[in-house]
């Protein structure tokens, strides 16, 4: 399932045109390469009193939830920064799991005792 199939938008004090909505979907589709099986994604955009846009994106996967937010003067810039942050979070978790698997395999190999008479 992709990030854009089950996407929900929340807007506070702002209306988004179709072009901006398509840009958000396009940027979030890039996360499909990094996170498998995204169940749901939520995009929340609101306009603060200073005229800046706060964008928050949450991605739900079967085992994890990734969240990032950013506040800038344009929605596009905020979305770009948020997707970069989410990409970093996902790849960091993947690297961490890969490292743990590798460490486990190494520790098992160290504990294996081979018979002196075995022929390999």
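The values are calculated or read from the model by the stated rules, or taken from the named source; none is laboratory data. Bear in mind the structure is a predicted one, so any value in this text is a computation, not a measurement. In this analysis, Cβ positions are derived from the backbone assuming ideal geometry, glycine residues included, and neighbour counts consider all displayed protein chains.
Which residue, of 54, 21, is assigned to a strand (DSSP E or B) and within 16 Å of residue 75 (Cα to Cα)?
When all the criteria are applied, what remains is 54.
Can you confirm whether residue 109 is without any contact (Cβ under 8 Å) to a residue 12 or more places away in the chain and part of a helix (DSSP H, G or I)?
Yes, satisfied.
With the condition kept exactly as written, say whether any residue in the range 56-68 is more than 18 Å from the chain's Cα centre (by Cα) and surrounded by 15 or more Cβ atoms within 10 Å (Cβ to Cβ).
No: zero hits.
Is one or more of the residues making up the range 38-48 modelled with pLDDT of 90 or more, loosely packed, with under 12 Cβ neighbours inside 10 Å and closer than 26 Å to residue 92 by Cβ?
Looking through the range 38-48, none of the residues is modelled with pLDDT of 90 or more, loosely packed, with under 12 Cβ neighbours inside 10 Å and closer than 26 Å to residue 92 by Cβ.
What number goes with the only condition from (1) surrounded by fewer than 10 Cβ atoms within 10 Å (Cβ to Cβ); (2) part of a loop (DSSP other than H, G, I, E, B) that residue 35 does not pass?
Residue 35 satisfies every listed condition except (1).
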